[in-house]
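Structure first, commentary second.
The values are calculated or read from the model by the stated rules, or taken from the named source; none is laboratory data. As the structure is a computational prediction, the values presented were derived from the model and not from experiment. Ideal geometry is used to build each Cβ from the backbone, glycine not excepted, and the neighbour counts take in all protein chains shown.
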Amino acid sequence: MTTRTALAHARELLKRHILIDGHNDLPWEIHVAENAPDDLDAYDLRRRTPGHTDLARLRRGGVGGQFWSVYVPAEMGSGYAQLQLEQIDLARRMIARYPRHLQLCWSAGEVRDAFDRGRIASLLGMEGGHVIENSLGALRAYRDLGARYLTLTHNQTHDWADSATDVARHGGLSPFGREVVAEMNRLGMLVDLSHVAPATMRDALETTEAPVIFSHSSARALCDVRRNVPDEILQLIPSNGGVVMVTFVAGFISAAAAAVLVPAIAKAERRLKGVTDPVQQRAIHREEIESLDVPLPPLSAVADHVEHVARVAGVEHVGLGGDFDGSVFQTDGLRDVSGYPNLFAELIDRGWTDGDLARLAGANVLRVLREAEAVAIRLGRRGTSVAASV
């Protein structure tokens, strides 16, 4: 139980130090909105929304920067590029709709500028390497449209990378997968290792010349599910310089929640294969997941994951990626984007210093962005990759 003094301290700290969350699926939530899919007028962020995210709650949560996920389900089986372009377009129009609150950012410097101007720095992150359709040209085009990271897989293994939650086909990354990572380095795009198999994590860490991120992953030592990061990978992060952004999803935080959610998610994914209609997607999700009785983990469990990552990888390598609007069941005290001060208050009561809290909030991620930009400048002299697909 956090104290009132700690909560007031947390709120003041987040006014001075930028909080950057690694993953929010609001654009997909708008895409599959039951009554008006893809309708930004109907899904008005100036009002209380049915999901986890709106402007008032972002402000209450002290959010200063957000990677908005522009997600495309791999289960569709085809049509990835079209929907990816539509998701990027929707996210950019969403950001432009609220210029007093949100600012599209392309660099660490722009993130800092947005925060100083009282705007929520908004960056785009693509979730799943299937969306490039085995084309480095597509990767470059997405980058030019604003994508600042690519999660190498989602829940499915594809032609060049193994997922954590599917059958391995490559033993990690294929040779073309390593070319993708190298080209991302050249472009200044962050390599995101959430969702990927440990062998893929290792191959990416061996290949990359820039720090990586895990945009929304927790510690496998505390919750033994395949989506979380094992300690042997956490131990490699300091030499890379990357950041593991702890998520608040119930099934990745506690074993009790995972026992209910993991099989239900797997069943939903099987039913979603080939489904492209957003209304039908929402109906399947509601039937398989939203009706479940899931025990919500306590806030202290998320703090335990944060402290575990900080202990194993170092406090310079931990961040936050709530995965709001990307899951139904979060954590008690972190049920929507207004809850971040509760977590910081818990850590204050555990003895965290303001300096370490600032690192957790966003300083670590800003450093990674700056270092990736520096690597891109250095590698730019190599010229564009002409690697053949797969």
*Within segment 321-335, is there a residue that is more than 20 Å from residue 354 (Cα to Cα), of a type in the set (D, E, K, R) and over 16 Å from the mean Cα position of the chain (by Cα)?*
yes
*Starting from residues that are aromatic (Phe, Trp, Tyr) and assigned to a loop (DSSP other than H, G, I, E, B), keep the ones in segment 72-119 and report whichever is farthest from residue 166 (Cα to Cα).*
98
*Taking segment 59-82, which residues are within 16 Å of residue 275 (Cα to Cα) and touching a residue at least 24 places away in the same chain (Cβ under 8 Å)?*
71, 72, 73, 74, 75, 76, 77, 79, 80, 81
*For segment 164-182, does any single residue satisfy the condition of being in contact (Cβ under 8 Å) with a residue 12 or more places away in the chain, touching a Leu at 6+ places or on another chain (Cβ under 6 Å) and not in a strand (DSSP E or B)?*
no
*Might you check whether a residue that is surrounded by 19 or more Cβ atoms within 10 Å (Cβ to Cβ), in a loop (DSSP other than H, G, I, E, B) and not polar (S, T, N, Q) occurs anywhere in segment 341-355?*
yes
*Counting only residues that are part of a helix (DSSP H, G or I) and hydrophobic (A, V, I, L, M, F, W, C), which one in segment 139-156 is surrounded by the fewest Cβ atoms within 10 Å (Cβ to Cβ)?*
141
*Filter the helices (runs of 4 or more DSSP H) completely within segment 253-319 down to those with at least 3 residues that are farther than 29 Å from residue 242 by Cα and touching a Lys or Arg at 6+ places or on another chain (Cβ under 7 Å).*
none
*Residues of segment 155-173 satisfying the condition of being hydroxyl-bearing (Ser, Thr, Tyr) and within 21 Å of residue 240 (Cβ to Cβ)*: 163
*Is at least one residue of segment 120-132 modelled with pLDDT of 95 or more, over 28 Å from residue 218 (Cα atoms) and not in a strand (DSSP E or B)?*
no
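Only one residue in 292, 334 is aliphatic (A, V, I, L, M) and surrounded by fewer than 20 Cβ atoms within 10 Å (Cβ to Cβ). Which one?
On the way: 334 fails: surrounded by fewer than 20 Cβ atoms within 10 Å (Cβ to Cβ).
After applying the criteria, what remains is 292.
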*Which members of segment 233-273 meet the condition of being surrounded by fewer than 19 Cβ atoms within 10 Å (Cβ to Cβ) and either closer than 25 Å to residue 209 by Cα or aromatic (Phe, Trp, Tyr) (or both)?*
235, 236, 238, 239, 241
